[in-house]
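The values are calculated or read from the model by the stated rules, or taken from the named source; none is laboratory data. Note that the structure is predicted; figures quoted are calculated from it, not measured. Backbone-built Cβ (ideal geometry, glycine too); neighbour counts: all protein chains shown. Heavy atoms of the whole protein, side chains included, go into the accessibility calculation; ligands, DNA and RNA do not. Shrake-Rupley method; radii C 1.70, N 1.55, O 1.52, S 1.80 Å.
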Amino acid sequence: MRVSVLAYLTHFRLVYGAFDFAVTRDGAWYFLECNPNGPWAWQPPGITDAVAHALADQLEKGSAP
């Protein structure tokens, strides 16, 4: 799974993406979409601050060569 997500990000030259998957009862994973931002803002302020700073840091760095 990790390799596929990294390949997707690399292919589309994305630094960040919030991936949505569906998992069946028998454990099969299905890719639904990749969003430019994820729904993390509903978390407590300490967590949202940490997520926002981590995303900003990563976006400033850009993608790995």
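With labels modelled as points extended 7 Å from the Cα through the Cβ direction, what inter-label distance (nm, one decimal) is found for Q43 paired with D57?
Placing both labels 7 Å along Cα→Cβ, they lie 1.3 nm apart.
Compare D57, D26 by solvent-accessible area with a 1.4 Å probe and give them largest first, with all protein chains kept in place.
D26, D57
Pull out the extension gain between A22 and A50, defined as 0.36 nm times the separation in residues minus the alpha carbon to alpha carbon distance; nm, one decimal.
7.4 nm
Sort E33, E60 by accessible area with a 1.4 Å probe, largest first.
Sorted by accessible area, descending: E60, E33.
What figure, in Å² to the nearest 10, do you get for the accessible area of H11 with a 1.4 Å probe and non-protein molecules left out?
130 Å²
Once you have all Cα-Cα distances for the chain, histogram them in 5 Å bins from zero and send the whole-percent values.
3, 14, 21, 22, 18, 14, 6, 1
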